[in-house]
C-alpha cells in the first residue's frame, strides 16, 4: 500500500484470497493498493476516511 507520494505505508505477503488491512494508523486520504498475482500487477486507488 502506497501513500499519495509513492511511499510504502504497508507491505504484506499473503497466500489467501482475502486479507484485511488495519488502517487505524493511516491518515485520511488517498492510497494505492498493489496486488501482485500470477496474472500480473493490479493497482487500485482507495480512500481512507475517518
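Values quoted throughout were computed directly from the atomic coordinates according to the rules given, and no laboratory measurement underlies them. As the structure is a prediction and not an experimental result, all values here were calculated from the model. Cβ placement follows ideal geometry from the backbone for every residue including glycine, while neighbour counts extend to all protein chains displayed.
Out of the range 25-50, which residues are assigned to a strand (DSSP E or B), in contact (Cβ under 8 Å) with a residue 12 or more places away in the chain and over 16 Å from residue 5 (Cβ atoms)? Passing the criteria: only 44. Checked against the criterion of being on the phi < 0 side of the Ramachandran plot, loosely packed, with under 10 Cβ neighbours inside 10 Å and in a strand (DSSP E or B), the range 14-24 has no qualifying residue.
Out of all the residues in the range 1-13, which are surrounded by 10 or more Cβ atoms within 10 Å (Cβ to Cβ) and part of a loop (DSSP other than H, G, I, E, B)? Correct list: 1, 3, 4, 9, 10.
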